[in-house]
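The values are calculated or read from the model by the stated rules, or taken from the named source; none is laboratory data. Quick caveat, the model's predicted, so the values are computed rather than measured. Note that each Cβ is placed from the backbone with ideal geometry, even for glycine, and that neighbours are counted across all protein chains shown.
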Amino acid sequence: MTNPRSLQKTFVSSLFVLIAHFAATEALAQPARPAPAPAPAAAKAATPAAAAPLAIVGGRVHTGTGEVLEDTTILVEKGLVQKIGKGLAVPAGVTTIDAKGAIVTPGFVDALTSIGLVEISLEDSTHDDDRGGKDPIRAAFRAADGYNPASTVVGITRAEGVTSAAVVPLGGLFSGQSAWADLDGDTRESALAAGPLALHVHLDGSLDGDRGGPAAALHLAREVFDDARTFQKNRAAWERNQSRPFAASRLDLEAVGDALAGRVPVVFHVDRASDILAAVALAKEFGLRPVIAGGAEAWKIAPRLAESKVPVIVNPLEPGPTTFDTLGMRNDNAALLHAAGVPVVITTNDTHNARKLRQVAGNAVRAGLPHAAAIAAITSAPAAALGVGAKYGTLAPGKVANLVVWSGDPLEIASRPLAVVIRGKKVDLGNRQSALFTRYRKLPIAR
Amino acid sequence: MFSRRAFRLLSPLLLALPACASSSTSAPPSSPAKAEAPFPDVPFPWEARPSTAAGIETPAAASPPVLIRNATLWLATGKTIPRGSILLQNGKIAQVAEGDLTPPEGARILDAAGKFVTPGIIDTHSHIGVYPMPDAVAHLDGNEASSPVTPDVQTVDGFWPQDPAIERAVAGGVTTLQILPGSANLIGGRAVTLKLRPALSPRQMHFPGAPDGLKMACGENPKRTYGKGRHAAPGTRMGNLAMQRKAFLDAKKYEDDWRQHRTIEANRLRDDQKKRAAYEADVASRKQQQAQCNDDPSLSACAEWQKGWDKPLDPPRPSDPDAAPARDLAKETLVGAMRGRVLVHIHCYRADDMLAMLALADEVGFQVRSFHHALEAYKIRDILAKKNVSVSTWADWWGFKMEAYDGIPENIALLQESGALPIVHTDSAEGVQRMNQEASKALASGRRAGMPLTDEEAIRWLTHNPAWALGIEKRVGTLEVGKDADVVLWDRHPFSVYASAEEVWIDGATVYQKGNKRPPWSDFELGQDTGRPTTLLPGGAP
């Protein structure tokens with residue numbers, strides 16, 4: 001389905017970038033500047049497979065399920081929470097984090113970001129979030145393949161208590177498969193959870209302009225799901241070249257097959273109430289595990305979403321009727337969905353400012369969402385919705401030890417993380433921005 | 001910011017002048033003593049009005065006095081009254097007091113125990129109305145991106161007063177916006193300052209007396225729009241500066257032409273007047289001679305005088321007027337900027353770009369009123385403080401483009417510490433709905449970094465400082481007697497994430513009340529199932 005014209009366009013624009021690059025290099029024919037000192041995030045040592053044991057002592061612990069435990073200690077070893085309880089004995093020699101008077105939560109999770117996939121939004125050369133091209137079927141495209149654990153966004157985000165992010169591909173209809181990233185680690189292997197996280201289907205008009213809106217998107221999505229089902233039923237026929245033509249390539253059909261088999265959820269990015277219902281119906285037709293992302297008008301159909309237990313990922317800072325598909329956008333969407341019994345996940349839907357996640361959740365509370373539900377919406381709810389609830393999102397024995405010690409109510413702006421633990425290791429909260437701050441703390445600067 | 005002269009020029013007589021300024025040469029100089037300064041009372045075209053939007057402002061409907069009692073008053077003067085009262089009457093702040101006040105007859109009395117009162121929030125950087133909701137190709141009226149230098153266009157001509165974002169901004173405690181052109185252009189045009197009340201035209205919303213702003217942009221956007229987008233100039237930062245410099249030099253030439261024209265005209269009229277005076281003196285002298293000779297025909301001089309009487313005394317012909325330069329609205333805007341009548345707001349991120357703009361400003365002669373976005377302002381905060389340039393910026397935006405890569409959350413705090421004038425702006429229909437939180441984040445970041453900042457300083461980032469940047473600080477920005485009653489009542493400490501505006505007044509009239517299910521302001525939202533800014537559920541804050 002590749003359009004030769006688009007290839008040509010891509011080639012020309014690459015050539016342009018290349019020429020511009022050479023021109024810039026020539027213009028810089030002068031002595032190279034000394035390499036800058038490595039930023040703290042980049043300088044950290046390789047993460048050991050199993051961090052040393054750690055005890056977080058005496059905090060007020062929000063477990064992520066809504067439960068709050070007073071004066072509670074958490075013992076962490078081998079990257080996992082081992083024990084959690086009041087008055088636990090801390091074995092000799094174990095490093096402790098004093099959390100008395102502080103609040104402890106699971107590490108916060110942003111369910112829709114491009115962290116590690118995009119370094120600078122308007123610089124195409126720093127993008128790995130979009131397979132590109134005109135073909136809207138990119139189900140096999142994996143965010144994991146583009147994830148850069150050395151991105152400056154990683155250190156900047158975790159300094160605000162976000163320890164994990166679903167990094168999500170964009171573009172096309174079947175944009176690809178997201179990955180679960182813990183915001184630490186020097187390699188993809190040490191930062192990413194194993195396996196694809198979810199399949200992302202954009203019904204919200206991010207198709208190329210000439211491909212129409214949600215109706216056209218649904219039409220094509222149905223065709224792809226149907227082809228993938230046919231393909232899965234009789235792969236041998238396909239291998240013998242005895243299948244009808246499919247709308248998607250083999251790898252794409254394989255990837256869609258993971259969703260058909262229920263191994264990964266399908267995140268439908270869709271806003272208009274009628275389109276959300278169509279996505280849910282499509283999911284039912286093909287036996288998928290649907291998650292709604294965006295969901296500006298989800299509140300209108302909250303009882304039906306609750307009935308089918310479809311989680312909805314919302315951004316409570318959405319400003320109003322910004323498009324004709326989101327005329328019903330309102331600031332208490334999360335509160336209304338929660339009140340109806342829909343599992344609510346809160347996202348920034350941002351990359352550089354995914355660190356705003358707790359402010360975003362705070363605004364959902366301002367608009368009526370109970371505080372505990374807001375904490376769950378950025379901890380246990382995203383983990384559960386994306387199928388990794390067994391390992392992430394709550395503080396309980398056996399869970400990955402991602403947690404944050406807060407100076408106060410974590411949703412309140414004046415509070416701050418006192419310690420951030422990722423995979424059982426207390427991480428450095430310094431980052432490229434704190435390095436800039438330090439350099440410019442006094443003027444004139446010395447360097 | 002208004003000079004006395006600017007205010008004087010607001011007089012109704014002078015408001016009528018700009019249209020006939022070019023034909024004003026027919027007016028005689030008012031007195032010979034003033035001939036040195038040509039036409040001192042006739043404004044140049046660029047002097048006529050502080051805003052091209054002025055003229056049909058609609059004042060708020062009269063509303064009964066409002067007395068808010070028992071509130072914490074953040075005056076934004078640097079002072080807080082922990083338990084005080086404020087009286088709004090006749091559109092103004094009539095009284096501010098510690099403790100209680102006696103309500104005037106008919107006053108609405110609000111007990112605000114545990115609540116906070118601040119001045120209305122002012123956003124120096126908004127595209128509401130020119131990039132309205134919902135996205136519609138038909139409503140993209142914010143960038144006249146047909147040429148990189150368009151100082152003659154003005155947002156007041158592009159603003160859609162039915163934008164649903166207006167009412168939503170008010171619900172966040174915002175009472176005044178500066179509507180700027182976008183940043184596609186090096187010189188994007190005139191900005192207008194509005195009070196946020198429902199209206200059928202932005203001219204009805206115009207903040208009375210507020211001068212226009214001039215939007216300029218440096219760095220990536222113009223060169224991306226034209227160079228990368230169209231292979232046209234500017235394609236580089238070099239091109240940016242060259243074209244901006246040229247525009248101002250051309251405008252200076254225009255001003256020179258006008259001044260020269262006025263001088264030529266003044267001299268010509270003075271010469272004409274001299275000739276006329278000489279003629280009138282001759283006539284008078286002859287009359288006097290004739291009278292004297294009538295009285296006493298034997299007077300010895302009469303014979304000599306009589307010879308002259310035969311020569312007719314012709315009145316001097318008025319000389320031909322010098323042709324006035326053709327009006328050029330683009331150049332008039334730039335001359336207005338150079339003369340401080342139009343306030344210069346420059347979209348600029350990098351420290352070196354801002355320093356380049358300051359060098360240009362010094363070279364061609366204008367003052368930068370505010371750098372906008374200015375993510376690297378912290379690197380040159382000493383210079384910005386010294387040069388009295390305010391900085392309109394976000395609390396934490398960064399990374400969306402190369403020139404935004406060095407943004408840090410302590411930017412505002414560092415500016416405050418160094419005596420510069422930081423302003424929280426939004427450039428966003430989302431951010432403008434919770435500017436109190438943006439200030440709160442900047443404050444928290446500064447405190448976290450060890451800077452002893454106060455709430456009293458931070459509230460000025462939203463009120464007094466932007467008022468100064470827009471030239472309206474004598475009218476709004478603090479809770480002081482005599483200022484416009486543009487006021488917000490908050491349900492709790494305004495820097496809490498859980499805080500909401502409970503009621504908002506502009507000129508003493510209620511424009512927003514939390515929970516009030518009035519029909520929407522925007523005609524667009526009528527009969528549509530849109531999500532209005534209400535809270536249906538009780539707040540869930542702990």
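Restricting to region A:394-447, give me the number of residues that are hydrophobic (A, V, I, L, M, F, W, C), over 26 Å from A:Thr96 (Cα atoms) and within 9 Å of another protein chain (Cβ to nearest Cβ).
Total satisfying the criteria: 5.
Please note which helices (runs of 4 or more DSSP H) are completely contained in region B:183-302 and include at least 1 residues that are free of Cβ contacts under 8 Å to residues at least 24 places away in the same chain.
B:220-223, B:237-295
Return only the number of the condition from (1) surrounded by 19 or more Cβ atoms within 10 Å (Cβ to Cβ); (2) of a type outside the set (Val, Ile, Thr); (3) closer than 30 Å to B:Thr393 by Cα that B:Gly78 does not satisfy.
The single condition B:Gly78 does not satisfy is (1).
Quick grid of which residues meet (1) surrounded by fewer than 21 Cβ atoms within 10 Å (Cβ to Cβ); (2) in the same structural domain as B:Pro466 (by TED's automatic domain parsing); (3) among the polar types (S, T, N, Q); (4) without any contact (Cβ under 8 Å) to a residue 24 or more places away in the chain:
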residue: B:Ser126; (1), (2), (3), (4): no, yes, yes, no
residue: B:Val130; (1), (2), (3), (4): no, yes, no, no
residue: B:Met133; (1), (2), (3), (4): no, yes, no, no
residue: B:Gly142; (1), (2), (3), (4): no, yes, no, no
residue: B:Pro148; (1), (2), (3), (4): no, yes, no, no
residue: B:Asp152; (1), (2), (3), (4): yes, yes, no, no
residue: B:Asp157; (1), (2), (3), (4): yes, yes, no, yes
residue: B:Ala165; (1), (2), (3), (4): no, yes, no, no
residue: B:Arg168; (1), (2), (3), (4): no, yes, no, no
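Out of (1) within 28 Å of A:Ala372 (Cβ to Cβ); (2) touching a Lys or Arg at 6+ places or on another chain (Cβ under 7 Å), what's the single condition that is false for A:Gly262?
(1)
Quick check on region B:183-204. Is at least one of its residues surrounded by fewer than 22 Cβ atoms within 10 Å (Cβ to Cβ), in contact with an Asp or Glu (Cβ under 9 Å, 6 or more places away or on another chain) and at pLDDT below 95?
yes
On the basis of being outside the structural domain of A:Leu183 (by TED's automatic domain parsing) and not aliphatic (A, V, I, L, M), does A:Pro370 make the cut?
no
Taking A:Glu77, is it within 14 Å of chain B (Cβ to nearest Cβ) and of a type in the set (D, E, K, R)?
Spelling it out, it is not the case that A:Glu77 is within 14 Å of chain B (Cβ to nearest Cβ) and of a type in the set (D, E, K, R).
In region A:417-443, which residues are closer than 18 Å to B:Asn411 by Cβ and either assigned to a strand (DSSP E or B) or without any contact (Cβ under 8 Å) to a residue 40 or more places away in the chain (or both)?
Those that are closer than 18 Å to B:Asn411 by Cβ and either assigned to a strand (DSSP E or B) or without any contact (Cβ under 8 Å) to a residue 40 or more places away in the chain (or both): A:Leu436, A:Phe437, A:Thr438, A:Arg439, A:Tyr440, A:Arg441, A:Lys442, A:Leu443.
Quick check, is A:Asp332 acidic (Asp, Glu) and facing another protein chain (nearest Cβ under 7 Å)?
So A:Asp332 passes the test.
Working only within region B:382-410, note down all residues that are more than 7 Å from chain A (Cβ to nearest Cβ), farther than 12 Å from A:Leu436 by Cβ and crowded, with 23+ Cβ neighbours inside 10 Å.
B:Leu384, B:Val389, B:Ser390, B:Val391, B:Ser392, B:Thr393, B:Trp394, B:Ala395
Return only the number of the condition from (1) over 23 Å from A:Ala396 (Cβ atoms); (2) within 14 Å of another protein chain (Cβ to nearest Cβ); (3) of a type in the set (Val, Ile, Thr) that A:Ile103 does not satisfy.
That leaves (1) as the condition not met.
Looking only at region A:320-354, count how many residues are out of contact with any Gly (no Cβ under 6 Å at 6 or more places or on another chain) and outside any helix (DSSP H, G or I).
21
Does A:Lys356 satisfy the criteria of being touching a residue at least 12 places away in the same chain (Cβ under 8 Å), in the same structural domain as A:Ala383 (by TED's automatic domain parsing) and farther than 29 Å from A:Leu117 by Cβ?
No; evaluated as a whole, the condition is false for this residue.
Here are A:Thr322, A:Thr326: which of them is within 7 Å of another protein chain (Cβ to nearest Cβ) and of a type in the set (S, T, N, Q)?
Sole residue among the options that is within 7 Å of another protein chain (Cβ to nearest Cβ) and of a type in the set (S, T, N, Q): A:Thr322.
Test each condition in (1) surrounded by fewer than 18 Cβ atoms within 10 Å (Cβ to Cβ); (2) not in a loop (DSSP other than H, G, I, E, B); (3) not aromatic (Phe, Trp, Tyr) for A:Ala166 and report the one that comes out false.
All conditions are met except number (1).
Hey, A:Phe174 hits all of (1) touching a Ser or Thr at 6+ places or on another chain (Cβ under 9 Å); (2) at pLDDT 95 or above but one; which does it fall short on?
Only one criterion in (1) touching a Ser or Thr at 6+ places or on another chain (Cβ under 9 Å); (2) at pLDDT 95 or above is unmet by A:Phe174, namely (1).
Look through A:Ala24, A:Ala55, A:Ala92, A:Ala102 and report the one residue that is at pLDDT below 50, out of contact with any Asp or Glu (no Cβ under 6 Å at 6 or more places or on another chain) and not charged (D, E, K, R).
Unique residue meeting the criteria: A:Ala24.
Kindly evaluate B:Trp490 against the criterion of being within 13 Å of chain A (Cβ to nearest Cβ) and aromatic (Phe, Trp, Tyr).
Yes; evaluated as a whole, the condition is true for this residue.
In region B:205-224, which residues are surrounded by 24 or more Cβ atoms within 10 Å (Cβ to Cβ) and basic (Lys, Arg)?
Across region B:205-224, the qualifying residue is only B:Lys215.
Given the condition over 25 Å from A:Val224 (Cβ atoms), within 14 Å of another protein chain (Cβ to nearest Cβ), in contact with a strand residue (DSSP E or B) (Cβ under 7 Å, 6 or more places away or on another chain) and in contact (Cβ under 8 Å) with a residue 12 or more places away in the chain, answer yes or no: does some residue in region A:122-129 qualify?
No, there is no match, as no residue in region A:122-129 is over 25 Å from A:Val224 (Cβ atoms), within 14 Å of another protein chain (Cβ to nearest Cβ), in contact with a strand residue (DSSP E or B) (Cβ under 7 Å, 6 or more places away or on another chain) and in contact (Cβ under 8 Å) with a residue 12 or more places away in the chain.
Are any residues in region B:420-471 within 13 Å of chain A (Cβ to nearest Cβ), touching a strand residue (DSSP E or B) at 6+ places or on another chain (Cβ under 7 Å) and either within 18 Å of B:Val192 (Cα to Cα) or at pLDDT below 95 (or both), and if so, which ones?
B:Thr426, B:Asp427, B:Val432
Scan region A:283-319 residue by residue and report those that are assigned to a helix (DSSP H, G or I) and either buried (at least 24 other Cβ atoms within 10 Å of the Cβ) or within 11 Å of chain B (Cβ to nearest Cβ) (or both).
A:Ala298, A:Trp299, A:Lys300, A:Leu305
Could you list all residues from region B:467-477 that are surrounded by 24 or more Cβ atoms within 10 Å (Cβ to Cβ) and touching a His at 6+ places or on another chain (Cβ under 7 Å)?
Once the filter is applied, which keeps residues that are surrounded by 24 or more Cβ atoms within 10 Å (Cβ to Cβ) and touching a His at 6+ places or on another chain (Cβ under 7 Å), region B:467-477 yields only B:Gly477.
Residues that are more than 15 Å from B:Leu196 (Cβ to Cβ) and buried (at least 22 other Cβ atoms within 10 Å of the Cβ): does region B:481-493 have at least one?
Yes, region B:481-493 contains at least one residue that is more than 15 Å from B:Leu196 (Cβ to Cβ) and buried (at least 22 other Cβ atoms within 10 Å of the Cβ).
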